[in-house]
Amino acid sequence: MNDESRPAARLPVWQALKTHKRKIAPVNLRTLFASDPGRADAFVAEAAGIRLDYSRQRVTAQTMRLLTRLAVEAGVEDLRSRMFAGEHINNTEDRAVLHVALRAGRRDRYRDGKQNCTADVHAVLDAMSRFVDAVHAGKIRGHGSRGPFTDVVNIGIGGSDLGIEMGLKALHHHRQAGIRVHTISNIDGTQLADVLDEVDPRTTLFVICSKTFTTQETLSNAHAARQWLADQLGEAAVGRNFAAVSTNHAAMDAFGIHPDYRFGFWDWVGGRYSIWSAVGLSLALGIGMNNFRAFLKGGRAMDRHFLSAPPDSNLPMLLALLAIWNNDFFGAETQAVLPYDARLGRFPAFLQQMHMESNGKRVRRDGKAVGVPTGTIIWGEAGNNAQHSFYQLLHQGTRVVPADFIAPDQGSSRFQDQHRLGLINMEAQARALAFGQTAEEVRADLAARGLANPRIRALTPHKIHPGNRPSSLIRFRRLDPETLGKLVALYEHKVFVEGAVWDLNSFDQWGVELGKKLAKEMEAGG
Ligand code: F6P
């Protein structure tokens, strides 16, 4: 833990950015667009089939020069090389950070000391393939069942749940016929009760997904499910109807998981970065192994882009630098993620853990106070639903909430005309946020509608939209497994860059431990 102290605010470019912000703050997006007809095309970057349009961010060419200098001065590229090289950049846990190895090609070289991570990853992926294919073919069946498994119940929480749930919803139109996948995470028993009411024990496969196999929520749900199964089919069913994904082999033994039905991963995979590993088993069971491998391929394509593109055209870097610009210089405390494709409805929740568990930190890598605001609060909802719930605050509230709008060109269902309407709505909302509606425009509109002057005067302040509210558009051709992989890796690397600039260890999560410990003590009557 001898990392050098390097507060972000002491980087020379940080002061330059502060001065620049004072200069740019009075300039609004209307003026920026009016003074530069090429702006809509200039502030755009595209790679790996993903197009980022950040022309509606409060930036100029000078801002972008300073922000990319920030990435350079903060040593983002050096930390990136160290991560890919398997150095133990998770300094508080003395661990490598190698989720990128989970989507490695067979010839890519990833090592953690003496461990050949690429080879280990592919051995597990191949075992997953055999298992998933055998389940789908009905070669692996439940206890006492004549037919194939019809239901999979993933039991896990946080990183052992969110990616699976998000991916199953996002790729619903790529699902494997004949098998339904359910996810259970909360401890209160309601999700479990509802799923158990629906499924047949003989044709239900439970997947216990827990890196540590010690998580209270997961174990309590897993033991309740085990009891339910054993009550109906006898103890022998446990070895046939349970699989597990964990790094804790002793705990899998104790639970009675069949040796062929367990899938491992490694301590260099953080929970919130683990969907690419065997943690994705239930997702793979839901969409088939070919689709799961396409998802990995997408992640790898984004890794290559992140590794090779210069900062000013590097999508994860641009997203991170814009977030830092809004967060640290304009004081925006939160950021909305607004997908215009309901299949991405759980993407904001997935990004919440990724961002907030990674960068919700107040000390730097060396333990000293970070000194600048970190850890953007991420929230959001599928776009059109959100329009009819919280967009009022986005347009006219006292806080500025930068937004990422995300959408495929093609809809993810057969109702393409409806998707087109969704895209029109997205564009309209982004314009309204950026350009607003001035008092003169409101007055002219009300006068044209024949309202009397006193009424116009009374209504005008309520109808003004201040505008100048920043947003980015993230577009791609269609939402398929490969593109989803690119999107997830895009945001993973964005979080990495933010953490590198703020000098945080983005890969530990000590902040969730105290509450867990207290709950355990209270359960034990302490
Ligand atoms: O909430 C803390 C956390 O440790 C997350 O980081 C993790 O994704 C989740 O709990 C689940 O942990 P496990 O996979 O070990 O059950």
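The values are calculated or read from the model by the stated rules, or taken from the named source; none is laboratory data. Just so we're clear, the structure is a prediction, and the values are computed from it rather than from any experiment. Cβ coordinates were reconstructed from backbone atoms using ideal geometry, including for glycine residues, and neighbour counts include every protein chain displayed.
Just one residue in the set Gly467, Gly411, Gly375 is part of a loop (DSSP other than H, G, I, E, B) and touching a strand residue (DSSP E or B) at 6+ places or on another chain (Cβ under 8 Å); that residue is Gly467. Quick check on Val279: is it near the ligand (Cβ under 10 Å from one of its atoms) and within 15 Å of Phe131 (Cα to Cα)? Considered against the rule, which asks whether it is near the ligand (Cβ under 10 Å from one of its atoms) and within 15 Å of Phe131 (Cα to Cα), Val279 comes out as yes.
Pairing residues of segment 269-291 that are among the aromatic types (Phe, Trp, Tyr) with residues that are within 13 Å of the ligand (Cβ to nearest atom), at Cβ distances under 6 Å and at least 6 apart in sequence or on separate chains, gives Tyr273/His99. How many residues, within segment 360-383, are surrounded by fewer than 20 Cβ atoms within 10 Å (Cβ to Cβ) and within 16 Å of the ligand (Cβ to nearest atom)? Of the residues in segment 360-383, 1 are surrounded by fewer than 20 Cβ atoms within 10 Å (Cβ to Cβ) and within 16 Å of the ligand (Cβ to nearest atom).
Condition (residue is at pLDDT 95 or above and closer than 20 Å to Pro316 by Cα) applied to segment 393-400: is it met by at least one residue? Within segment 393-400, none of the residues are at pLDDT 95 or above and closer than 20 Å to Pro316 by Cα.
Can you name the condition, by its number, that Leu322 falls short on among (1) surrounded by fewer than 24 Cβ atoms within 10 Å (Cβ to Cβ); (2) under 27 Å from Gly360 (Cβ atoms); (3) of a type outside the set (Val, Ile, Thr)? Result: Leu322 passes all but (1).
Would you be able to say whether some residue in segment 170-190 is in contact with a Phe, Trp or Tyr (Cβ under 7 Å, 6 or more places away or on another chain) and within 16 Å of the ligand (Cβ to nearest atom)? There is no residue in segment 170-190 that is in contact with a Phe, Trp or Tyr (Cβ under 7 Å, 6 or more places away or on another chain) and within 16 Å of the ligand (Cβ to nearest atom). Here is a check on your reading of the model: is Ser210 under 22 Å from the mean Cα position of the chain (by Cα), within 30 Å of His88 (Cα to Cα), among the small types (Gly, Ala, Ser) and modelled with pLDDT of 95 or more? Here the answer is yes, as Ser210 does meet what is asked. So in segment 206-229, with the set limited to residues that are among the aliphatic types (A, V, I, L, M) and within 14 Å of the ligand (Cβ to nearest atom), which one is surrounded by the most Cβ atoms within 10 Å (Cβ to Cβ)? Restricting to residues being among the aliphatic types (A, V, I, L, M) and within 14 Å of the ligand (Cβ to nearest atom), the top hit is Ile208.
Taken over segment 118-156, residues that are within 16 Å of the ligand (Cβ to nearest atom) and among the small types (Gly, Ala, Ser) amount to 1.
For segment 499-514, the tally of residues that are surrounded by 12 or more Cβ atoms within 10 Å (Cβ to Cβ), in a helix (DSSP H, G or I) and more than 10 Å from the ligand (Cβ to nearest atom) stands at 4. Return the total of residues in segment 193-205 being of a type in the set (A, V, I, L, M, F, W, C) and either within 16 Å of the ligand (Cβ to nearest atom) or closer than 18 Å to Pro148 by Cβ (or both). Qualifying residue count for the region: 2.
Listed here are the residues, each with its yes/no results for (1) closer than 19 Å to Leu98 by Cβ; (2) in contact with a Pro (Cβ under 7 Å, 6 or more places away or on another chain); (3) crowded, with 23+ Cβ neighbours inside 10 Å.
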position	(1), (2), (3)
Asp231	no, no, no
Phe242	no, no, yes
Ser246	yes, no, yes
Asp253	no, no, no
Phe265	yes, no, no
Leu307	yes, no, no
Pro310	no, no, no
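Here Asn326 clears all of (1) in the same structural domain as Gly397 (by TED's automatic domain parsing); (2) within 16 Å of the ligand (Cβ to nearest atom) except the condition numbered (2).
When the helices (runs of 4 or more DSSP H) confined to segment 1-72 are screened for residues that are among the basic types (Lys, Arg) and not assigned by TED's automatic domain parsing to the domain that holds Val372, those reaching at least 3 such residues are found at 12-24.
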